[in-house]
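Please read the structure below before turning to the comments.
Values quoted throughout were computed directly from the atomic coordinates according to the rules given, and no laboratory measurement underlies them. Not measured: the values here are computed from a predicted model. Using ideal geometry, Cβ is built from the backbone for each residue, glycine included, and neighbour counts are taken over all protein chains shown.
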Amino acid sequence: MEKRSGTSECCNVKKLDMTKMRSLLRSGNLANYSSVLGEVLDEIRFGELRSLILRLYVGADIYIEANSFSKEIGVSEEEFVRRFGSIDDIGDHLGTPEETIGFFDEMIGQCIRWRIENTRENGNYIIISAKSYIDKNYMSSELSLTNVADAAGVCPTYLSTLFKKETGRNLSEYINSVRIERSKALLCCTSKMIYEIAYEVGFQDYRYFSQIFKKCTGQTPRQFQNNANNYV
């Protein structure tokens, strides 16, 4: 009977959803992180785990994720270890399921606080870096949240949230606005076909380009071009 119970626990442990844990860390929300953490742990029935080995299994995963996240936002390894010990020390915090949950709560909460502090201090620099990369690479059809985030030195989810918070619009909206501004100059000053201009500024779908252009300017590319030529 004990062997079957252990097997059941082990299977539940392996279902720990680290995707949700990553989203929690990057949410920047101190108001409800404890309840979200509780939901993630409840999915594997963590409160029922009496095995220290299984708690270590979960603890190591969460520790590594939190440590990795803290590095992404500029917290030194020394500072993280000073607050939470090294990964070899986590067993000291996992005496009971209740103590373990308390340790996780403290660690996740501190990471979110670090993220908030980091955003206040470095958010403007990150946004400037992202915009600079977009301005230089808007013509690439491969331009995406992922490679802009890589260039800015942060994770995609973090950049997406920060960009929206700091600028009031999504990153994709900014990319489109840069492309449309460049296309307006080309429509006015070159004899290129409209579909050629669409491709040149990074749009692979002419219809989508026309849709976005009209949304941004109130005119179709052809209307804009004709109006511009009337003033020449």
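Below, the figures for the structure above:
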item: Cβ-Cβ FRET estimate between Ile128 and Thr157, R0 fixed at 25 Å, reported to 0.05; result: 0.80
item: Cross-link partners of Lys192 among aspartates and glutamates (Cα-Cα below 19 Å; sequence separation of 8 or more within a chain); result: Glu181, Glu200, Asp205
item: At most 14 other Cβ within 10 Å, DSSP loop - trypsin sites (Lys or Arg not before Pro), the stretch 24-113; result: Arg45, Arg50
item: Two-site FRET efficiency, Lys215 against Thr146, from Cβ-Cβ distance with R₀ of 25 Å, rounded to 0.05; result: 0.55
item: Over the chain: helical MRE at 222 nm, DSSP H runs n ≥ 4 each giving -39500 (n - 2.57), nearest 500; result: -23500 deg cm²/dmol
item: Principal axis dimensions, largest first and in whole angstrom, of the stretch 2-118 by Cα; result: 47, 27, 19
item: Cβ-Cβ FRET estimate between Ser76 and Asn227, R0 fixed at 41 Å, reported to 0.05; result: 0.15
item: Length gained when the stretch Met193-Arg45 is fully extended (0.36 nm per residue, less Cα-Cα span); result: 47.1 nm
item: Calculated P(r) tail over 27 Å for the chain, as whole % of Cα pairs; result: 51
item: The stretch 69-157 - convex hull of alpha carbons, volume per residue in Å³; result: 103
item: Farthest positive-ward along the chain dipole, Cα basis, beta-carbon charges - from Val40, Leu159, Ile53; result: Leu159
item: In Hz, Karplus ³J(HN,Hα) per residue of the stretch 53-62 (6.51, -1.76, 1.60; θ = phi - 60°; x = Gly, Pro); result: 4, 5, 5, 5, 4, 5, x, 5, 4, 5
item: 24 Å Cα-Cα reach of Lys71 towards lysines, excluding residues that sit fewer than 8 places from it in its own chain; result: Lys20, Lys131, Lys164, Lys165
item: Share of pairwise Cα separations in the stretch 154-209, more than 18 Å, in percent; result: 43
